[in-house]
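Written below as structure tokens is the structure these notes are about.
The values are calculated or read from the model by the stated rules, or taken from the named source; none is laboratory data. Note that the structure is predicted; figures quoted are calculated from it, not measured. A quick note on method: Cβ atoms are made from the backbone with ideal geometry, for glycine too, and the neighbour counts reach across all protein chains shown. Each accessible area value is taken on the protein alone, full model and side chains, heavy atoms only, with ligands, DNA and RNA left out. Shrake-Rupley method; radii C 1.70, N 1.55, O 1.52, S 1.80 Å.
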Amino acid sequence: MNSRNLFIFTLLIIIATYLFIFGQDKTIELIKNEYLFVLALIPITLLLLYFKIKLKGKELIDFNKNSAISLKSTIMFFLIFQVIDYISEDGFIGMISLWFLYWVMGLIAYLLMETINYYKNYKARSI
């Protein structure tokens, strides 16, 4: 499963879980509380789109090929943080209320990695 599909799938699961457990009002409130992180996605996405347009039709080098993280290690990392959140955020409800934040942070990291890859390709072509 590629990263894009995984992000879409997990967002749907997170929202479905939030709606089931918290209801619509609390779900909207939890998502609104992370507005600064969501706003951080805008310049990163715009920069990525800029580089994609500039490099359209050109062969790209994957500078991130050595930075692949396995799904197994990602899940283990997530589970460790779930245990920590369960303890520090007063149980199950506090733990799952951070899922959207983790999703946004993961998306930011993914988009930054892609943007850096495109930037390195752009620089390699302009030299």
Leu60 vs (1) outside any helix (DSSP H, G or I); (2) under 18 Å from the mean Cα position of the chain (by Cα): all pass except (2)
Those residues of region 43-70 that are surrounded by 10 or more Cβ atoms within 10 Å (Cβ to Cβ), within 30 Å of Leu30 (Cβ to Cβ) and either aromatic (Phe, Trp, Tyr) or free of Cβ contacts under 8 Å to residues at least 60 places away in the same chain (or both) come to a total of 3
If we keep only residues of region 81-103 that are within 24 Å of Ala40 (Cβ to Cβ), of a type outside the set (Ser, Thr, Tyr) and open to solvent by 60 Å² or more (accessible area, probe 1.4 Å), then the residue modelled with the highest pLDDT is Ile84
query: For region 24-36, does any single residue satisfy the condition of being open to solvent by less than 90 Å² (accessible area, probe 1.4 Å) and within 23 Å of Asn2 (Cα to Cα)?
result: no
Looking at this structure, is Asp85 among the acidic types (Asp, Glu), part of a helix (DSSP H, G or I) and free of Cβ contacts under 8 Å to residues at least 60 places away in the same chain?
yes
_Checking the structure you have, find out if any residue of region 35-50 is more than 25 Å from Phe78 (Cα to Cα), part of a helix (DSSP H, G or I) and in contact with a helix residue (DSSP H, G or I) (Cβ under 7 Å, 6 or more places away or on another chain)._
yes
Taking region 8-23 and keeping only residues that are open to solvent by less than 60 Å² (accessible area, probe 1.4 Å), within 19 Å of Gly106 (Cβ to Cβ) and of a type in the set (Phe, Trp, Tyr), one is left with Tyr18
Among Phe77, Phe51, Phe92, the single one that is of a type outside the set (D, E, K, R), closer than 23 Å to Leu111 by Cα and touching a Phe, Trp or Tyr at 6+ places or on another chain (Cβ under 9 Å) is Phe51
| query | Would you say Phe78 is open to solvent by less than 90 Å² (accessible area, probe 1.4 Å) and either part of a helix (DSSP H, G or I) or of a type in the set (Ser, Thr, Tyr) (or both)? | reply | yes
If we keep only residues of region 104-127 that are out of contact with any Phe, Trp or Tyr (no Cβ under 7 Å at 6 or more places or on another chain), more than 12 Å from Asn64 (Cβ to Cβ) and not hydrophobic (A, V, I, L, M, F, W, C), then the residue most open to solvent (accessible area, probe 1.4 Å) is Arg125
